[in-house]
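In what follows, a single structure is set out as structure tokens and then discussed.
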Amino acid sequence: MTQFPHLFMPLKVGANFLNNRIVMAPIATGFDGSDCFGTERIRFYLDRVRNHGAGLVIVNNGIVSFTGKKKLSDCKLTQTYFRNAKGLTDAIHKEGAKVLLQLVHNGGEAEHPFALAASRIKNKDTGNVANRIPKFAIDHLIQHYAVAAYEAVHLGGFDGVEIDAGHLSLPNTFTSPILNRRSDSWGLQGKHDFALELVQRIRGHLGPQPILSYRISLLDLYAKGTPWIDVLTLAQNLHHEGVNIFSFDIGLSSNAFPVDCELTPEGVWTPFMEKFTSEIKVPVIFGGNLQNPEHIATLLAKYPTSMAEIGKPFVADACWVQKIRKGDVSSIIPYVGHANKDHISNDNIYSIAAPAVNQIQQSENVKKILVVGGGPAGIAAAREAAILGHKVTLIEEKKELGGLFRLGAKIPGRSKILNIITAWKEELLRLGVEIRLETTVTGRLIEDDFPDHAILLAVGRESTLPSLPGIDNPNVLTPEDLFEKQMPVGHRVAVIGSGPLAVDIARFLSAPAIEDPEKWFCAWGIGDPAKYRGGVLGVIPHLATPPRHTDLINLNPKGSFEKDLTAINRFYELQWLRMHGVNTFEQTEIEQIEVHSIKVRSDDDQQGSFSLRIDHVVVADKFEPRDELSDELNVLDKEYVLVGSCNQASSDYSASRAVQDAIYSVRNSAL
């Protein structure tokens, strides 16, 4: 008997029976290119539905028109697409699960000159403009949706479709009073007409049997956003026209607010979703940032006709459902990262927490392999080599595995990194990898103890200091000084850097995470959408006094934290820092670092040169490879393979990229 029976109860949605109530969210897999349904993508989904995994899968990014592509290189729905999709849907059906195709027109989120929306929209995040769709073309686009839905079911083998109508999608540009500025019959006086006609047409093409889901914008997080009564009225009418179940998007932009990230308390949006389903009595797919099985089970027990949508946990652990079913919740690998369901790239598929394997492959040519370095790359390399059937020894010079990734657990909101490292270690031991800690590897040690081993160097990188006047002062610290050596920091700190690491360190110093939902809502100025239009309180956010004064200085004279973070959908992090009093300086040049101040020259003629009072400076710029051991091995004429981040200097410190590189290196090197 499972610990959470409500998760695994069968459910009828329309005329379809689902074997459990867990939905795999429409995750961007990174395999959405020209070969949309190749072996890798099919395996990705099967890993998450086999052995009684997710009961329903929603496949993302079924683009109904070339005007709705996000990028012109994206796949558009064609008959060839659907015939290829049959391989995926058949495989999912064999595992007893159902599968929907998400029908998408990106509207204001499209990044090309042919983008269309209800009105002309300039996307604040990208700077791209979507053009006003002519009145004569509206019916044509609705028909595109309907035909795509029909072909998805009858050619592609899907069990139904989901209409993506959140954020800046085409349907929401008609529904939202912020986005719809038309003066014709498709304007605000008929703001629901597009959505209603869309559902009527699709249901007419599908017939009564297939599932029709609608992803609705629950609250806009804009002061003049959609009134709550309009959200409920639209949903009620759509349900009457044939929508079986509703899922949710929050906010018009995922960049302005931390909708679903490490700064977001788990389940923070659930009360609004509960309010929605309680007031209009329709089945829903609860979503947001759900991860805790106990919380999800309680929710589904309360709403027996509804489901729960899981996104990021499925990226981190393909066996998420199976582990819960077996009562092995403690072994679930948590998700830690910045990607949301729309921005998970190919780098994240193997993830910093790669899915568990079922068995070790039997290799005809078993080799002895030494992996030096216990960071993400070293762990991934050792794991992959062990899966391939080799005999692996992993050596790490510190007391614990994890490398620089372990230090990231100190950033507010990322404490789950420690759980990931623990899960990594347990899996390595299960795979038979020998782990040696607190051991410094030298060329002589390798010659003496591992003469017949293939060598994989994953020794990682270390911070490098830029050439700046006063950089050698004792008050200048590196990230390793701050996190690993835990050196004390004064009340006034300047963080110098040009990438996400500098932002992370500024957050560590001055902007703690808030776990309490009420305090979090208060901080971001979010309130009950039934009382406050769009869910915006319209008050000055209240925050506790930060522990210190922090200045964040962009080391790149032409760089911009705002542009860089907006490009990777993390602008809300800069907002969070500013809300905590962090001052940011752009287009500046550091003239001198002194013991109690830092002299900065601005490109702004009015500002000129000025001094900032500081106690310490933390330099968070670039990393350089640790090459002492590779230099030794070169002298000894010993062959080795560099894996992970130790093979290049960069300001990027992404653990997922290091993992991906390590897996690729093991698979493609002649071990």
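Along each principal axis of its Cα atoms, how long is segment 1-112 end to end? Whole angstroms, biggest number first, please.
Its Cα atoms span 52, 29, 25 Å along the three principal axes.
How large are Rg and Dmax for segment 369-490 when calculated on the C-alpha trace, in angstrom?
16.8, 53
Report the gain in length on full extension from E562 to D184: 0.36 nm times residue separation, minus Cα-Cα distance, nm rounded to one decimal.
Working: separation 378, 0.36 × 378 = 136.08 nm, distance 3.72 nm.
Between E562 and D184, full extension yields 132.4 nm more.
Can you return the lysines within cross-link range of K485? Criterion is Cα-Cα under 29 Å, with same-chain partners fewer than 8 residues away left out.
Counting by Cα, and skipping residues close in sequence, K485 has these lysines nearby: K398, K399, K410, K416, K425, K599, K622.
Averaged per residue, what accessible surface does segment 445-599 expose to a 1.4 Å probe, in Å²?
On a per-residue basis, 45 Å².
Using each residue's phi in segment 461-473, evaluate 6.51 cos²θ - 1.76 cosθ + 1.60 at θ = phi - 60° and report the 3J(HN,Hα) Karplus result to the nearest Hz, with x for Gly and Pro.
For segment 461-473, the Karplus-derived couplings read 10, 9, 4, 10, 8, x, 7, 10, x, x, 5, 8, 5 Hz, x marking Gly and Pro.
With a 10 Å radius around each residue's Cβ, average the other Cβ atoms per peptide and rank 655-666, 460-471, highest first. Walk me through the intermediate numbers first.
Values: 655-666: 24.3, 460-471: 15.6.
So the order, starting with the most tightly packed, is 655-666, 460-471.
Could you size up the charge dipole of the chain around its Cα centre, putting +1 on the beta carbon of Lys and Arg and -1 on that of Asp and Glu, and report it in debye to the nearest 20?
Around 2280 debye, computed over the chain.
If you average 1/r over all unlike Cα pairs in segment 60-219 and invert the result, what Kirkwood radius do you get in angstrom? It would help to have the intermediate numbers written out before the result.
On the way: mean 1/r = 0.0630 Å⁻¹.
About 15.9 Å, per the Kirkwood formula over Cα pairs.
Using 0.36 nm per residue of separation minus the Cα-Cα distance, give me the extension gain between D516 and K86 in nm, one decimal.
Working: separation 430, 0.36 × 430 = 154.80 nm, distance 4.50 nm.
That pair, D516 and K86, stretches by 150.3 nm at full extension.
Which ³J(HN,Hα) values, rounded to whole Hz and listed in residue order, are derived for segment 291-308 from phi using the Karplus coefficients 6.51, -1.76 and 1.60 in 6.51 cos²θ - 1.76 cosθ + 1.60 with θ = phi - 60°, glycine and proline given as x?
Once θ is set to phi - 60°, the couplings for segment 291-308 become 9, 6, x, 5, 5, 5, 4, 4, 5, 6, 5, 6, 10, x, 9, 10, 10, 10 Hz.
What do you get for Rg/Rh over segment 6-66 if you use C-alpha atoms and the Kirkwood form of Rh? Don't skip to the answer; put the middle values down first.
Values: Rg = 13.5 Å, Rh = 13.0 Å.
Answer for segment 6-66: 1.04.
Determine, at each q value in 0.11, 0.20, 0.27 (inverse angstroms), the log₁₀ of I(q)/I(0) that the Debye formula gives when each Cα of segment 261-340 is one equal point scatterer.
Taken in order of the listed q values, log10 I(q)/I(0) reads -0.30, -0.93, -1.36.
Run the reach check for K98 against lysines, Cα to Cα strictly under 16 Å, same-chain hits fewer than 8 apart removed. What comes back?
List returned: K12, K86.
Applying a 10 Å radius around every beta-carbon, put 405-418, 371-384, 424-437 in order of their mean neighbour count, most first.
Numbers: 405-418: 19.1, 371-384: 29.9, 424-437: 16.3.
Highest mean packing first, the order is 371-384, 405-418, 424-437.
Given only helices, namely DSSP H runs of n ≥ 4 each adding -39500 (n - 2.57), what is the per-residue ellipticity at 222 nm of the chain, to the nearest 500 deg cm²/dmol? Show your work: numbers first, answer last.
Values: 22 runs with 217 residues, N = 671.
So the helix-based figure for the chain works out to -9500 deg cm²/dmol.
Checking the cross-link filter: which lysines have an alpha carbon closer than 20 Å to that of K224, excluding same-chain neighbours under 8 positions apart?
Straight-line reach from K224, under 20 Å: K122, K124, K191, K531.
Once you charge only the Cβ atoms, +1 for Lys and Arg and -1 for Asp and Glu, what is the size of the charge dipole of segment 101-188 about its Cα centre, to the nearest 20 debye? It would help to have the intermediate numbers written out before the result.
Working: 7 positive and 9 negative charges, 120 e Å.
Charge dipole, segment 101-188, about its Cα centre: 580 debye, nearest 20.
Scan around L18 for amide H atoms under 5 Å from its own, H built in the peptide plane at 1.01 Å from N, and keep only partners 5 or more places away or cross-chain.
Distant-sequence amide H within range of L18: L11, K12, V13.
Would you mind listing how long segment 514-628 runs along its three principal axes, going by Cα atoms, in whole Å with the largest first?
In descending order, the Cα extents are 55, 42, 27 Å.
Which residue, chosen from F450, Q575, G497, occupies the Cα position most advanced towards the positive end of the dipole of segment 449-576, where the dipole is computed from +1 (Lys, Arg) and -1 (Asp, Glu) charges on Cβ about the Cα centre?
Going by the charge dipole, the pick is Q575.
In Å³ and rounded to a whole number, note down the convex hull volume per residue for the Cα atoms of segment 276-316. Show your work: numbers first, answer last.
On the way: hull volume 2.5 nm³, N = 41.
Taking only Cα atoms, segment 276-316 has a hull volume of 62 Å³ per residue.
What order, most packed first, do the peptides 326-332, 53-59, 153-159 have when packing is the mean number of other Cβ atoms within 10 Å of each residue?
Working: 326-332: 13.9, 53-59: 27.1, 153-159: 21.3.
Descending mean neighbour count gives 53-59, 153-159, 326-332.
Where does the chain land on Rg(C-alpha)/(2.2 N^0.38 Å)?
Values: Rg = 26.3 Å, N = 671, 2.2 N^0.38 = 26.1 Å.
The value comes to 1.01.
The values are calculated or read from the model by the stated rules, or taken from the named source; none is laboratory data. As the structure is a prediction and not an experimental result, all values here were calculated from the model. FYI the Cβ positions are ideal-geometry reconstructions off the backbone, even for glycines, and counts take in every protein chain you see. When the accessible area is computed, the model is the full protein with side chains, heavy atoms only, and any ligands, DNA or RNA have been set aside. Shrake-Rupley method; radii C 1.70, N 1.55, O 1.52, S 1.80 Å.
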